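To start, the structure itself, in structure tokens.
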Amino acid sequence: MATIIDPSNIRDEAVEIIKIFQRTADLKMKVESEFYAATDLEALDLAVAAADKAVDAKRAELAPLLNARNQQAGQLNAVLVQARKVIAGYFGEDSNEYELAGGTRKSERKSPGRRLATKPVTV
């Protein structure tokens, strides 16, 4: 899987490199069979800035939907927790129904172990 690179960090790094390329007119490089000069680096930086701005706009548009979904999921979780309690009360904590509802049957729970007193540390 490709590494995800933070555009703002890369753009911060690009500023100094673009300045160096701008000061040295004959400085060019070849990356994956393409040549890059100062103007190419500037254009690429502007393209990243535009794409980053578009992503931020979509995130702002998506935020209310995510908040609504998270609120509904929280409400559903609260209802499911209460439903498990009702199922445990009605069928018992060791019933198949309680296990099907996502609970751990009482007979399958791990019993607490013996606690040992901690010894003082001697140096």
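For the chain, the relative contact order works out to 12 percent when only alpha carbon pairs closer than 8 Å and six or more residues apart are counted. Sorting the segments 108-119, 18-29 by their residues' average number of neighbouring beta-carbon atoms within 10 angstrom, most packed first, yields 18-29, 108-119. Here is how the number arises for the chain: DSSP H runs of 4 or more residues each give -39500 (n - 2.57), the sum is divided by the residue count, and the result at 222 nm is -22000 deg cm²/dmol. Between the listed residues GLY89, MET29, GLN71, the Cα displaced farthest toward the positive end of the dipole of segment 7-104, a dipole computed from Cβ unit charges relative to the Cα centre, is found at GLN71.
With +1 on each Lys and Arg Cβ and -1 on each Asp and Glu Cβ, and nothing else charged, work out how big the dipole of the chain is about its Cα centre, in Debye to the nearest 20. The partial results should precede the final answer.
Working: 18 positive and 18 negative charges, 242 e Å.
I would put it at about 1160 debye.
Mean silhouette area of segment 7-104, derived from the convex hull of its C-alpha atoms and averaged over all directions, reads 11.1 nm². Using the Cβ-Cβ distance between ALA2 and GLU61 with R0 = 22 Å, the FRET efficiency computed as 1/(1 + (r/R0)^6) comes to roughly 0.30.
A short reminder: the numbers here are calculations on the coordinates, not readings from a lab. Since this is a predicted model, take the numbers as computed values, not measurements. Positions of Cβ are backbone-derived with ideal geometry, glycine not excepted, and every protein chain shown enters the neighbour counts.
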